[in-house]
Amino acid sequence: RVVTLSSAGHSRSDVALDDPNFETTEYSPWLPYGRAKTANALFARELARRGADRGLLSFSVHPGGIITDLGRHLTEELMNDMA
């Protein structure tokens with residue numbers, strides 16, 4: 001069993017394999033977060049597909065709202081942007 005953590009952040013962006021370092025895309029702090037969460041969900045889905053014949057289970061789960069220190073460096077403006 002494989003579990004990746006996700007969030008509603010996946011709705012902010014698709015994965016952009018053609019510009020992973022934001023060389024041509026305007027950078028916004030929540031955009032790479034969205035890309036990473038979308039990539040997590042797609043990875044779990046593909047792993048489940050590839051491992052199904054061996055009984056492998058793979059999930060991308062949203063743990064719900066949790067309080068962590070991850071936001072300690074966020075400004076009020078960035079927090080409002082996410083909300």
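So for each of 50-56, 37-43 I average, over its residues, the number of other beta carbons within 10 Å; can you give me the resulting order with the highest mean first?
Per-residue Cβ counts within 10 Å, averaged per peptide and sorted highest first, yield 37-43, 50-56.
Enumerate the amide H contacts of Phe59 below 5 Å, restricted to partners 5 or more residues apart or on another chain; note that Pro and chain-start residues carry no placed amide H.
Val2, Val3, Thr4
Quick one: with all protein chains in place, what share of the accessible area of segment 21-82 is carbon or sulfur, to the nearest percent (1.4 Å probe)?
The C+S portion of the solvent-accessible surface of segment 21-82 is 55 percent.
With every protein chain kept in the model, how would you rank Tyr33, Tyr27 by accessible area, 1.4 Å probe, largest at the top?
On the way: Tyr33 75, Tyr27 135 Å².
From most exposed to least exposed: Tyr27, Tyr33.
The values are calculated or read from the model by the stated rules, or taken from the named source; none is laboratory data. Values in this document were obtained by computation on a predicted structure and should not be read as measured data. Note that we place each Cβ from the backbone using ideal geometry, even for glycine, and neighbour counts take in every protein chain shown. Quick note on the areas: whole protein, heavy atoms, side chains included, nothing else; ligands and nucleic acids left out. Shrake-Rupley method; radii C 1.70, N 1.55, O 1.52, S 1.80 Å.
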